There are 2 protein chains.
Amino acid sequence: MPRTPVDPRRSASHRPLTLRDVSEASGVSEMTVSRVLRNRGDVSETTRIKVLEAARTLGYVPNKIAGALASQRVNLVGVVIPSLSNLVFPEVLSGISAELDETGLQPVVGVTNYSPAREESVLYEMLSWRPAGLVVAGLEHTEAARAMLANAGAPVVEIMDVDGEGVDSVVGISHRRAGLHMAEAIVASGYRRIGFLGTKMPEDHRARKRLEGFREGLAAAGLGIEDTEFYSGGSALLKGREMTEAMMRRSPDLDFLYYSNDMIGAGGLLWCLEQGYDVPGRLGLAGFNGVELLQGLPRRLATMDSCRREIGQRAAQIIAARACEGASADAAPERIELEPVIQPGDTIRPPSRG
Amino acid sequence: MPRTPVDPRRSASHRPLTLRDVSEASGVSEMTVSRVLRNRGDVSETTRIKVLEAARTLGYVPNKIAGALASQRVNLVGVVIPSLSNLVFPEVLSGISAELDETGLQPVVGVTNYSPAREESVLYEMLSWRPAGLVVAGLEHTEAARAMLANAGAPVVEIMDVDGEGVDSVVGISHRRAGLHMAEAIVASGYRRIGFLGTKMPEDHRARKRLEGFREGLAAAGLGIEDTEFYSGGSALLKGREMTEAMMRRSPDLDFLYYSNDMIGAGGLLWCLEQGYDVPGRLGLAGFNGVELLQGLPRRLATMDSCRREIGQRAAQIIAARACEGASADAAPERIELEPVIQPGDTIRPPSRG
DNA sequence: TTGCCCTATGTTAGCGATAACGGAACCAGA
DNA sequence: TCTGGTTCCGTTATCGCTAACATAGGGCAA
């Protein structure tokens, strides 16, 4: 365990410590101290120990601001996401963080609250720290944001979504096809009168694309969405209950409800069970994301894994690889599309034969 | 909407833009450009427009690394938390973030995974960027971490917990008393045979303190905990179910279950309802945190609000105030203790009379 | 001994911005 | 005309560190 006592003079003067202090305390040049603390270059074992000892006793912490300016290298990776309260993004983050841990790179998180203008300013702020890489959720950005990304001078990975054009690398799933496949599964199970419940947020492009794909899938079977219910605000169980109740009162004939996320789906499921609905016989349900929460519900809600953690990992891998290559950062952009799979759970009938 | 086209020469040469480029493009000195971009000092309206125009057309993004080094001022606030998947910490973060938004300060998040060693290194890493302030979850740190905080040269706020000594300012609740009050409420409602279900993590000091306070509260009534069940891993509904089942099989006579968080409490509640237990008549239940999730459950779980968002806000306010004062950062440390209140919900009997 | 390589350390010159000060231009009042 | 005060903008000197090069001293072969 490193000791970190305080030099009394420093406490008194409040002068921040610099390399020079360590250099004087250990009797070598600043450059040598720098080498020791960065594990770079040849330093004899004796000086190395001497320097480390001095740094520890002083409680010296290197100044990365100066270091970064001098070396033109920063170990920060900007991560721009729309929200932290969504459960989904912390998991992506966790994948990024785990992958980056080994590389000496460090994620720095920025939250946009689904606002394009905020995304623009968060991006500007981040770029002003000249990060080694950038991970941004989504493919939709303002023109200015897109320009900043293109000129960032660092690898950029846009994540979560592959339905569209990326600035550089892209890692995600096709939400359009996710919606489409879910529609196919529902139709295959014989459901015919289908309702959709989702978020009102116009800036949640992934939810929007799922809905579009879903519509497309139903249309292919000559069906359409019979009723829709939208809400604003975070994803919450209670919202799911309320919306489901409203919809089933309005359209009691529906035989399937497709939710744009698991949380409201779970709320809906609880409500349906309480009401005594025969699930999945009379009424089928499905959500989206495959969150852990669903494991503990009375019935397992049908859903689709959105590969959140893996998306984070793959994105981080790309950044890490590019960051190491250094100046040859003009490697071809990667495009990784992951395949979400349907988890039928207990709220969707098995496919009907014929 | 700002346009951010790219100078073709730059695309070709890949030389990063500097203040000099803007200065040349607009025909004024670097200093003037700097003044314009920071809104500081007197600049005539005509030059101001000229400079902004040039900066925009070039797509210039200021280099805060250089700026911070020169001005010895950084607008970053380090936030060190144990986990992001806990639901609790994102809410704290959200409070911090909302409060900081107005001040030009920016939170930078570090995650420790409940590991003291990791906390130490995260702290070291953060301090190397010389942040304007530091918000750290918890009061328990390694000796070295504590020393770093003490010598950070920036305001430090330790949050969540007030049961112990802080390095500088402290904002939180007393988990010991939270546990104690819950015990009192349970006893007052006439429950006598009480089980506890919680996390195994030895580093979750707040959960530990709640348990200690809880024991103390029971002891005051001549009671003790009849059975305990611990688990490791994140808080999950499924865990709550499994643990509850195991405990009730082992100790069928229990009449109250106290959970260390709402998530496992909710799992337990779902299980109990499925099993047909009379809740809260035959069996009472309570959790901790007051998470939004509980609103949508079939029955509202008794819990206690942990004031997460407000804790974040108050911490951010302290940092913001101190950061403005600048050098006179030796203001007396603040100590703010918030009062969590019991939300009895539907899973605890009303207090028995006499 | 000379010459050369190798290791360990020091010296110099920035990195890209800002603080602090200096000074020019201009106006007003004595 | 001179003084003094604005307003606006430029010059100079850092900030703390590292890249790149320079240098010292030793070992070893010829």
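Only one residue in B:ARG308, B:ARG314, B:ARG335 is buried (at least 17 other Cβ atoms within 10 Å of the Cβ), away from every other protein chain (no Cβ under 14 Å) and under 25 Å from B:SER97 (Cβ atoms), so which one is that?
Result: B:ARG314 is the single residue among B:ARG308, B:ARG314, B:ARG335 that is buried (at least 17 other Cβ atoms within 10 Å of the Cβ), away from every other protein chain (no Cβ under 14 Å) and under 25 Å from B:SER97 (Cβ atoms).
Identify the single condition in (1) within 14 Å of A:ALA178 (Cβ to Cβ); (2) away from chain B (no Cβ under 14 Å) that A:ASN261 does not satisfy, given that it satisfies every other one.
With (1) within 14 Å of A:ALA178 (Cβ to Cβ); (2) away from chain B (no Cβ under 14 Å) applied to A:ASN261, the lone miss is (2).
Which condition number does B:SER11 fail, the rest of (1) at pLDDT 95 or above; (2) within 12 Å of another protein chain (Cβ to nearest Cβ); (3) more than 8 Å from DNA strand C (Cβ to nearest atom) being met?
Result: B:SER11 passes all but (1).
Conditions (1) assigned to a helix (DSSP H, G or I); (2) more than 14 Å from every other protein chain (Cβ to nearest Cβ); (3) not aromatic (Phe, Trp, Tyr), marked per residue:
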{"residue": "B:LYS209", "(1), (2), (3)": "yes, yes, yes"}
{"residue": "B:GLY213", "(1), (2), (3)": "yes, yes, yes"}
{"residue": "B:GLU216", "(1), (2), (3)": "yes, yes, yes"}
{"residue": "B:GLU226", "(1), (2), (3)": "no, yes, yes"}
{"residue": "B:ALA266", "(1), (2), (3)": "yes, no, yes"}
{"residue": "B:TRP271", "(1), (2), (3)": "yes, no, no"}
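With respect to A:VAL88, is the statement that it is closer than 25 Å to B:LEU105 by Cα and either more than 9 Å from chain B (Cβ to nearest Cβ) or not acidic (Asp, Glu) (or both) true?
No, not satisfied.
Just to be sure I understand, how many residues within the range A:273-301 are free of Cβ contacts under 8 Å to residues at least 60 places away in the same chain, away from chain B (no Cβ under 14 Å) and in contact with a Gly (Cβ under 8 Å, 6 or more places away or on another chain)?
Going through the range A:273-301 one residue at a time, the tally reaches 0.
Give the range B:102-131 a look and list any residue that's within 10 Å of another protein chain (Cβ to nearest Cβ) and within 16 Å of the chain's Cα centre (by Cα), or say none.
Listed by number, the residues that qualify are B:GLN106, B:PRO107, B:VAL108, B:VAL109, B:GLY110, B:VAL111, B:ASN113, B:VAL122, B:LEU123.
Output the residues belonging to the range B:36-54 that are part of a helix (DSSP H, G or I), of a type outside the set (A, V, I, L, M, F, W, C) and within 9 Å of DNA strand D (Cβ to nearest atom).
Matches in the range B:36-54: B:GLU45, B:THR46, B:THR47, B:ARG48, B:LYS50.
The conditions are (1) closer than 25 Å to A:GLY198 by Cα; (2) of a type outside the set (Val, Ile, Thr); (3) in contact with a strand residue (DSSP E or B) (Cβ under 7 Å, 6 or more places away or on another chain), and A:TYR277 fails exactly one of them. Which is it?
The single condition A:TYR277 does not satisfy is (3).
Conditions (1) in the same structural domain as A:TYR231 (by TED's automatic domain parsing); (2) farther than 23 Å from A:GLU337 by Cα; (3) free of Cβ contacts under 8 Å to residues at least 60 places away in the same chain; (4) within 19 Å of the chain's Cα centre (by Cα), marked per residue:
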site	(1), (2), (3), (4)
A:PRO155	no, no, no, yes
A:VAL167	no, no, yes, yes
A:ARG193	yes, yes, no, no
A:GLY198	yes, yes, no, no
A:MET201	yes, yes, no, yes
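When the residues of the range B:284-296 are filtered to those that are over 23 Å from the mean Cα position of the chain (by Cα) and at pLDDT 95 or above, which remaining residue is farthest from B:THR244 (Cα to Cα)?
B:GLY284
Let's see how each residue does on (1) buried (at least 20 other Cβ atoms within 10 Å of the Cβ); (2) over 22 Å from B:LEU283 (Cα atoms):
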residue	(1), (2)
B:ALA183	yes, no
B:TYR191	yes, no
B:LEU197	yes, no
B:GLU203	no, yes
B:ARG210	yes, no
B:LEU218	yes, no
B:ALA221	no, no
B:ILE225	no, no
B:TYR231	no, no
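For the range B:52-65, indicate whether the set of residues that are within 9 Å of chain A (Cβ to nearest Cβ) and aromatic (Phe, Trp, Tyr) is non-empty.
So far as the range B:52-65 goes, no, none of its residues is within 9 Å of chain A (Cβ to nearest Cβ) and aromatic (Phe, Trp, Tyr).
Given the options A:GLU24, A:GLU30, name the one that is more than 9 Å from DNA strand D (Cβ to nearest atom) and away from chain B (no Cβ under 11 Å).
Sole residue among the options that is more than 9 Å from DNA strand D (Cβ to nearest atom) and away from chain B (no Cβ under 11 Å): A:GLU24.
Determine whether the range B:107-121 contains at least one residue that is surrounded by 21 or more Cβ atoms within 10 Å (Cβ to Cβ), among the hydrophobic types (A, V, I, L, M, F, W, C) and touching a residue at least 40 places away in the same chain (Cβ under 8 Å).
no
If you take the residues of the range B:55-66 that are without any contact (Cβ under 8 Å) to a residue 24 or more places away in the chain and either surrounded by fewer than 19 Cβ atoms within 10 Å (Cβ to Cβ) or among the hydrophobic types (A, V, I, L, M, F, W, C) (or both), which of them is farthest from B:THR103 (Cα to Cα)?
B:ALA66
Taking A:PRO333 as the residue in question, decide whether it is more than 24 Å from A:PRO155 (Cβ to Cβ) and either under 25 Å from the mean Cα position of the chain (by Cα) or not in a loop (DSSP other than H, G, I, E, B) (or both).
no
Among the residues of the range A:67-85, how many are in contact (Cβ under 8 Å) with a residue 40 or more places away in the chain and more than 10 Å from every other protein chain (Cβ to nearest Cβ)?
Residues in the range A:67-85 being in contact (Cβ under 8 Å) with a residue 40 or more places away in the chain and more than 10 Å from every other protein chain (Cβ to nearest Cβ): 6 in total.
State which residue is farthest from the other protein chains (Cβ to nearest Cβ) when the search covers only the range A:39-51 and only residues that are more than 8 Å from DNA strand C (Cβ to nearest atom) and either of a type in the set (A, V, I, L, M) or without any contact (Cβ under 8 Å) to a residue 24 or more places away in the chain (or both).
Taking the candidates together, the pick is A:ILE49.
The values are calculated or read from the model by the stated rules, or taken from the named source; none is laboratory data. Everything quoted here is computed from the prediction, not taken from an experiment. No Cβ is skipped: glycine too gets one built from the backbone with ideal geometry, and neighbour counts run over all protein chains shown.
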